[in-house]
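Comments concern the structure below.
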Amino acid sequence: MINMALDMHITKQLNTFTLESTLNIGNEVVGLLGASGCGKSMTMRSVAGIEKPDSGHITVNGIEYFNKEKHINLSPQKRQTALLFQNYQLFPHMTVAQNIAAGIHNATATEKQQRIDEQVKRFGLKGLEQRHPLQLSGGQQQRVALARMLAAQPAILLLDEPLSALDAHLKRELEADLNTLFNMFGKTVLYVSHDIDEATRLCDKIAVVHDGHIQEISTPKQLMENPRSLPGLRLSGCRNLFPVQAIDEHHVRSVRANTTIEVRNYTSGENLFAGIRETDIVQLDNPIEQNCLCMRVASFIDSRYARDIRLEAAKDASVRDATENPLFLTSDEKETFSLFWRINRADYQVRALPVVGDVVYVHVKPENVHVLPAPPVYTTKRTT
């Protein structure tokens, strides 16, 4: 039996749902990916001891941090955790060296100074030791916070959206620092994010969180190529999601699109949705029988390398499907079937780029159609 570095199962009643979080992970970087308010930060804060679960247990490297039945609830100070928020939470009245030292406990003065010097060198803070946080750039403040985390020699690192307040250039620069940090640390890291690209670059595995429940834990590659949950498909960047009805093992029907769609395989269940990534849609010169739709270009937005196009059914289809899930349908899809389509502008050097009003035939391969059941409804009302 493999001993897990983090073993937890907790529940906690929140305002709109009950958090029920189960994690069994080793010495790896695991991202908690989910929409705002889904419970990912609450899960992390429970590990740190900032929040107290209603029931369950939390064990790190064999040490019980929390166990409701055994009446164990270690204080945050007694838990070997290092928690980093997006605002860094440096002490403004302390210097860089003092901020790093604040995380070091049970060490002699000599050992403490050695750890400070080691982290100052590691994070490129030489010459800044006597400066205060307000005298530092955002990137320098972030590095001080990371240095303080490693200097504490924790058993587990907890990072709550540490890059969300940074501009794009600085964000990518500090992602490299985080990768270095995680490799040096070599233990369990929990990383909260709502950015799939960021999580893919930094995490070994990604846990998809929806309404307080972990829907799946996958590698970034698995989540992108073969998601096992509808929230996972949506959070991995799939914008085209619409209800379908099962016909047989390899076919589903969309009433909204008024068409039958061929698929390779799909997860059975009620309240099925199909998902098509915008980059998996291709344009055809002539229609074919398999998975082909006649669509009109409704709008587009250009970036440096791509054109993002919104397609609408060339002929308006009446909405006869009563199934609606606002979480997975955009408002414009409720009247007219539409698709988001992203094309590489360099691929259209010969063929003219589609513009508003163009009618096009588009196709998606069966293996690129993901069909998954909607998750259970976890929303509850708090009783008083």
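Taking 0.36 nm per residue of separation and subtracting the current Cα-Cα distance, fully stretching the chain between Leu134 and Thr16 would add 38.6 nm.
Please give the FRET efficiency for Glu118 paired with Ile301, using the beta carbon to beta carbon distance and R0 = 45 Å, rounded to the nearest 0.05. Approximately 0.40, to the nearest 0.05.
The candidate values are (1) 21.6; (2) 24.1; (3) 20.7; the one derived from this structure for mean projected area of the Cα convex hull in nm² carries the label (2). Antiparallel beta bridges, as assigned by DSSP with both residues in the chain, represent about 75 percent of the total such bridges.
Gain on full extension, evaluated as 0.36 nm per residue between Ala246 and Lys221 minus their Cα-Cα distance, stands at 6.3 nm. Each peptide in 188-194, 337-343 gets a packing score, the mean of other Cβ atoms within 10 Å over its residues, and the list from highest to lowest is 188-194, 337-343.
Remark: spin-label model distance Ala314-His71 equals 7.4 nm, labels positioned 7 Å along the Cα→Cβ axis.
In the chain, helical runs assigned H by DSSP with n ≥ 4 each contribute -39500 (n - 2.57); averaged across all residues and rounded to the nearest 500, the mean residue ellipticity at 222 nm is -6000 deg cm²/dmol.
Note on Asp358 and Asn179: with the Förster distance fixed at 56 Å, the Cβ-Cβ geometry gives a FRET efficiency of about 0.85. Exposure proxy for Ile104, Ile58: other Cβ atoms within 10 Å of each Cβ, ordered fewest to most, give Ile104, Ile58.
Stretching Lys78 away from Asn271 to a fully extended chain increases their span by 64.8 nm, per 0.36 nm per residue minus the current alpha-carbon distance. Among the listed pairs Lys171/Lys221; Lys52/Lys121; Lys12/Lys112; Lys78/Lys112, those whose Cα-Cα separation exceeds 30 Å are Lys52/Lys121; Lys12/Lys112. Taking other C-beta atoms within 10 Å as the exposure proxy, Met4, Met184 rank Met184, Met4 from fewest upward. Do you know the relative contact order of the chain, to the nearest whole percent, from alpha carbon pairs under 8 angstrom that are 6+ apart? Over the chain, the number comes to 18 percent.
Placing unit charges on the Cβ atoms only, positive for Lys and Arg and negative for Asp and Glu, gives the chain a dipole magnitude near 1080 debye about its Cα centre. Taking trypsin sites (Lys or Arg not before Pro) across segment 40-90, the ones in a DSSP loop with at most 14 further Cβ atoms lying within 10 angstrom of their Cβ are Lys70.
No value in this document is a laboratory result; all are computed from the given coordinates. Keep in mind that this is a model prediction, so the values were computed, not measured. FYI the Cβ positions are ideal-geometry reconstructions off the backbone, even for glycines, and counts take in every protein chain you see.
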